[in-house]
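Scroll down for the structure; my scribbles are underneath it.
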Amino acid sequence: MMALVLAGIALAAATLSGLTGLGGGTLLIAALYALGFTPAMAVPLHAAVQLVSNAARVVAYLPHVRWSGFGLFLVGALPAPFALAPLVVAAPADVVRITMAAFLLLALVPGWLARLRLAGTPGLVVAGVLSGGLGTVVGATGLIIAPFFLDRRWPKETVIATMAVCQAAGHAAKILAFAVAGFGLGGQLDLLWPMALAVVAGTALGRWLIGLVDESRFRWLVKMILLVLACQLGIDGAIGLVQQGGTQ
């Protein structure tokens, strides 16, 4: 029963990501936490499913990948998971959720990344650092790194394709880092394979739906997703901190 529930959530998450290039990973990790998975279980499982999802998007959008951007992203993304994976169980997830929410709300302010000089080459390196660092703690960072890709004014297919290949590499690094730290996926294969099939189907569905969304509506849809999920992350983090304070 749990496998079917997770497969349904994975299908919805992958459809969202296939359509917009972001948001699905956050939906999936939130569901895993809501269902009682610990960070040591949720983050590697999420990384494996999202690796399949992003790999499927890379295949679907391969001609649109901006490989130079991928190389810059890897410079920042690869080292952090191996340093942080052993500490993930003790990480203050609720504080990180609130930080993520604040960052996403700032991302909705036009032009602030350019004013901070993060919109060019340094921006993709910073996106990699955020993905490798925060991603090892909270699992999903697509919404955090999205502004660094969106601010480059690439076509929507290039945004989706390049984010997909960058995130796929980041998730692969997390899986390896957690395995080295003793948090492998061997005990969760019964959950992993139906979720993996679901994300492939969801990616195909999202790829079909994208033809129905024009450029301006795509940008608007992404901003609405950023706003809604930022609010949700902030609320979840605040509730978690209040509950934690009440039990002390």
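Each value in this text was obtained by applying a stated rule to the coordinates, not by laboratory testing. Not measured: the values here are computed from a predicted model. Please note: Cβ atoms are built from the backbone with ideal geometry, for glycine as well, and neighbour counts cover all protein chains shown.
Odds and ends about this structure:
- Cα-projected label distance for Leu189 with Gln232, points at 7 Å along beta-carbon direction, nm: 3.2 nm
- For Ala230, net neighbour charge (Lys/Arg +1, Asp/Glu -1) across residues whose Cβ lies under 12 Å away: +1
- Counting other Cβ atoms within 10 Å as a rough exposure proxy, the listed residues Phe183, Phe82, Phe73 run Phe82, Phe183, Phe73 from fewest neighbours to most.
- Expected 222 nm ellipticity per residue - DSSP helices of 4 or more, -39500 (n - 2.57), all of the chain, to 500: -25500 deg cm²/dmol
- Proximal charge balance of Gly135 [Cβ under 14 Å; K/R count +1, D/E count -1]: +2
- For the range 1-97, Kirkwood radius (reciprocal of mean inverse C-alpha pair distance, Å): 15.0 Å
- Rounded if a/c under 1.5, otherwise prolate or oblate - the range 34-77, Cα gyration tensor axes: oblate
- Taking Cβ atoms as reference points and 11 Å as the exclusive limit, the residues near Gln50 contribute a net charge of +2, counting Lys and Arg as +1 and Asp and Glu as -1.
- Gyration tensor (alpha-carbon) shape descriptor, the range 125-248, a/c threshold 1.5: oblate
- Within the chain, longest stretch clear of exposed trypsin sites (Lys or Arg not before Pro) (DSSP loop, no more than 13 other Cβ within 10 Å): 1-116
- Reported label for calculated Rg/Rh (Cα atoms, Kirkwood Rh) given (i) 0.94; (ii) 0.98; (iii) 1.02: (i)
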